[in-house]
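Everything on this sheet refers to the single structure shown next.
The values are calculated or read from the model by the stated rules, or taken from the named source; none is laboratory data. As the structure is a prediction and not an experimental result, all values here were calculated from the model. Note that we place each Cβ from the backbone using ideal geometry, even for glycine, and neighbour counts take in every protein chain shown.
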């Protein structure tokens, strides 16, 4: 069994950046990102204060030398820098430290590559990786002909060094775009087919590791990967869910959001985000036991706003992991949720609080029903069978020309019936 790569995680705290996050929280998240990538062993992590960014090597000369000695002494095979690193900075640091460097974008790309399960997910990640690497030195392009998951930034068995120039990269991007267009066309047809179904769509969104997949599994009885790990879910997963009223909805699990998401990566999970934009109701799942829960919630709201979701569908907040709180903190959260509209304190792990949440979901998405009489000719047996299949017929009588049916249905079912031939 191959030994894991020894990794050092560094979070540059740039004093001049007004948008910088709390350094301790940022480092903790960076370590969690590293832990989400197989084959790595994080042997050290630290915040590195930077007053002025060095254009050639990010860190000042003295600090760079100090870190270089640590890299050598601890036999570090990979340094993860939690932030953007320019191609020049990366090249100089790799040469000075004699080890591989991966910035935040590269690390998240690696994780996405490892987790992508659908054809579209794989193609989107590869395109994002190519766009990211296009401006950088040519490295181990193992993802172009790889034998296993991963993009090859970190290294691994069965790899081949492939020399590629920008023209080759552009040709590869073009080929991926053509493949992706075919996949997107297919998915668009599937989505249009779902829109014809008489089921509203409820989308789960939230910061990565907030517990969306655990909630999805508990509500639907599915077996989606749900681990205490960032980006455990990448590709969209959809299941039918029966509400307490007997009505049914389609529940959609999505990739977790994260702060400072690199722009190249937005397209890498566009599929799941499109499910959100088409949703009738959005459930924003929050980990209220996390000390940084308010900042995480703001990041999610910002991304939803970027997607144009601010007014597109109602949003309920699910204050998840209430079971992880105790004493005063728990009582405070429960009291806040009770007096705040569209907020529900719950635990996906224990099931606490899910009853009121599902009742509110049902009230939000249940459509008004209409009772009408319909006359069908004897020859319209297909339409009659469809109505019975939908379970909307409450009475039927024969007439001289066919059937008269009394139906109790929704506007969505009525529109579907009108399209039948």
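From the list 204, 234, exactly one residue is modelled with pLDDT under 80 and buried (at least 22 other Cβ atoms within 10 Å of the Cβ). Which is it?
Of the residues listed, the single one that is modelled with pLDDT under 80 and buried (at least 22 other Cβ atoms within 10 Å of the Cβ) is 234.
With the condition kept exactly as written, say whether any residue in the range 148-162 is buried (at least 16 other Cβ atoms within 10 Å of the Cβ), at pLDDT 70 or above and either under 20 Å from residue 9 (Cα atoms) or in contact with a helix residue (DSSP H, G or I) (Cβ under 9 Å, 6 or more places away or on another chain) (or both).
No, the conditions are met nowhere in the range 148-162.
Do we find that residue 345 is at pLDDT below 90 and closer than 23 Å to residue 279 by Cα in this structure?
Numbers: at pLDDT below 90: no; closer than 23 Å to residue 279 by Cα: yes.
No; evaluated as a whole, the condition is false for this residue.
Pull out all pairs, ordered by first then second residue, where Cβ-Cβ is under 6 Å, the residues are six or more apart or on different chains, the first lies in the range 168-191 and is in a helix (DSSP H, G or I), and the second is surrounded by 11 or more Cβ atoms within 10 Å (Cβ to Cβ) and modelled with pLDDT under 80.
Once the first residue is in a helix (DSSP H, G or I) and sits in the range 168-191, its partners that are surrounded by 11 or more Cβ atoms within 10 Å (Cβ to Cβ) and modelled with pLDDT under 80 give 169/134; 183/119; 183/120.
What residue, among those in the range 354-376 that are surrounded by 15 or more Cβ atoms within 10 Å (Cβ to Cβ) and under 21 Å from residue 400 (Cβ atoms), is farthest from the chain's Cα centre (by Cα)?
Applying the filter and picking the extreme gives 376.
Which numbered condition trips up residue 318, out of (1) in contact with a helix residue (DSSP H, G or I) (Cβ under 8 Å, 6 or more places away or on another chain); (2) more than 23 Å from residue 276 (Cβ to Cβ); (3) in a strand (DSSP E or B)?
All conditions pass for residue 318, except number (2).
Determine whether residue 297 is out of contact with any strand residue (DSSP E or B) (no Cβ under 8 Å at 6 or more places or on another chain) and either at pLDDT 90 or above or not assigned by TED's automatic domain parsing to the domain that holds residue 240 (or both). It would help to see each step written out before you state the result.
Numbers: out of contact with any strand residue (DSSP E or B) (no Cβ under 8 Å at 6 or more places or on another chain): no; either at pLDDT 90 or above or not assigned by TED's automatic domain parsing to the domain that holds residue 240 (or both): yes.
When the stated conditions are applied, residue 297 does not pass them.
Which of the residues that make up the range 377-419 are assigned to a strand (DSSP E or B), surrounded by 12 or more Cβ atoms within 10 Å (Cβ to Cβ) and modelled with pLDDT of 90 or more?
Step one: filter the range 377-419 for residues assigned to a strand (DSSP E or B), giving 377, 393-398, 402-410.
In the following step, the residues that additionally are surrounded by 12 or more Cβ atoms within 10 Å (Cβ to Cβ) were identified as 377, 393, 396, 402-410.
Listed by number, the residues that qualify are 377, 393, 396, 402, 403, 404, 405, 406, 407.
Yes/no per residue for (1) under 21 Å from residue 16 (Cα atoms); (2) free of Cβ contacts under 8 Å to residues at least 60 places away in the same chain:
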| site | (1), (2) |
| --- | --- |
| 55 | yes, yes |
| 69 | no, yes |
| 72 | no, yes |
| 80 | no, no |
| 83 | yes, no |
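For the subset of the range 78-116 comprising residues that are touching a helix residue (DSSP H, G or I) at 6+ places or on another chain (Cβ under 9 Å) and in a loop (DSSP other than H, G, I, E, B), which member is farthest from residue 61 (Cα to Cα)?
Within the range 78-116, the match that is farthest from residue 61 (Cα to Cα) is 116.
Is there a residue in the range 23-33 that is farther than 20 Å from residue 292 by Cβ, touching a helix residue (DSSP H, G or I) at 6+ places or on another chain (Cβ under 7 Å), surrounded by 13 or more Cβ atoms within 10 Å (Cβ to Cβ) and touching a residue at least 24 places away in the same chain (Cβ under 8 Å)?
Here is the first cut: in the range 23-33, the ones farther than 20 Å from residue 292 by Cβ are none.
No, because not a single residue in the range 23-33 is farther than 20 Å from residue 292 by Cβ, touching a helix residue (DSSP H, G or I) at 6+ places or on another chain (Cβ under 7 Å), surrounded by 13 or more Cβ atoms within 10 Å (Cβ to Cβ) and touching a residue at least 24 places away in the same chain (Cβ under 8 Å).
Looking only at the range 89-98, decide whether some residue is at pLDDT 85 or above and exposed (fewer than 15 other Cβ atoms within 10 Å of the Cβ).
Within the range 89-98, the subset at pLDDT 85 or above is 89-98.
When the remaining residues are screened for being exposed (fewer than 15 other Cβ atoms within 10 Å of the Cβ), the result is 95, 98.
Yes, the range 89-98 contains at least one residue that is at pLDDT 85 or above and exposed (fewer than 15 other Cβ atoms within 10 Å of the Cβ).
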